[in-house]
Amino acid sequence: MTLTLGPLAHLVLLGASPLFSDIHKHCARNKIQLSIITSPDQCQSLDTALQPIVAGDLETEQVRDTFKRASAESTLSISFGARWIFSRQHISELFQERLLNVHGTRLPYD
């Protein structure tokens, strides 16, 4: 499958990473909307100024609303060690096939 993406207007970061602060600054400079969605345990490692959405699962109304407002062609989601398992349904319906999963272990083995 080939991922095609128009000009990036909305970036969704999932999970947690020390890179989020730098990505936040880049998005602000380039007028890219940024949404950060993290789990309750991962939010402890993020700067509160990033204003993450804290969700126990991807089925919450706040998470779904984040994607409803986004245009699929100009939105990219990147997971950095997120705690959730992304089902085929999530990838198709929620992320509209625009999800990159950066994970520090060998999936699905670890």
| note | Row for the stretch 47-110, column shape: gyration tensor on C-alpha, a ≥ b ≥ c, rounded if a/c < 1.5 i.e. under 1.5, prolate if a/b over b/c, else oblate; value oblate
| field | Share of carbon and sulfur in the accessible heavy-atom surface of the chain [1.4 Å probe, %] | value | 53 percent
| message | Among Q62, S17, I85, which residue has its Cα furthest toward the positive end of the charge dipole of the chain, with +1 on Lys/Arg Cβ and -1 on Asp/Glu Cβ? | response | S17
| said: In Å, what Kirkwood hydrodynamic radius results for the chain from the alpha-carbon pair distances? | reply: 14.3 Å
| What is the magnitude of the charge dipole of the chain about its Cα centre, with +1 placed on the Cβ of each Lys and Arg, -1 on the Cβ of each Asp and Glu, and no other charges, expressed in debye to the nearest 20? | 300 debye
| field | Accessible surface, the chain, averaged per residue in Å² (probe 1.4 Å) | value | 62 Å²
| task | Kindly sort E97, E59 by accessible area of their heavy atoms, largest first, with the probe set to 1.4 Å. | result | E59, E97
| Could you work out the helix-only [θ] at 222 nm for the chain, with each DSSP H run of four or more residues adding -39,500 (n - 2.57) and the total divided by the number of residues, to the nearest 500 deg cm²/dmol? | -4500 deg cm²/dmol
| request: Quote the FRET efficiency, to the nearest 0.05, computed for E93 versus K31 with a Förster distance R0 of 22 Å and r equal to the Cβ-Cβ distance. | output: 0.20
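The values are calculated or read from the model by the stated rules, or taken from the named source; none is laboratory data. Note that this is a predicted model, so its numbers are computed, not measured. A quick note on method: Cβ atoms are made from the backbone with ideal geometry, for glycine too, and the neighbour counts reach across all protein chains shown. Note: accessible area is taken over every heavy atom of the protein model, side chains too, but ligands, DNA and RNA are not part of it. Shrake-Rupley method; radii C 1.70, N 1.55, O 1.52, S 1.80 Å.
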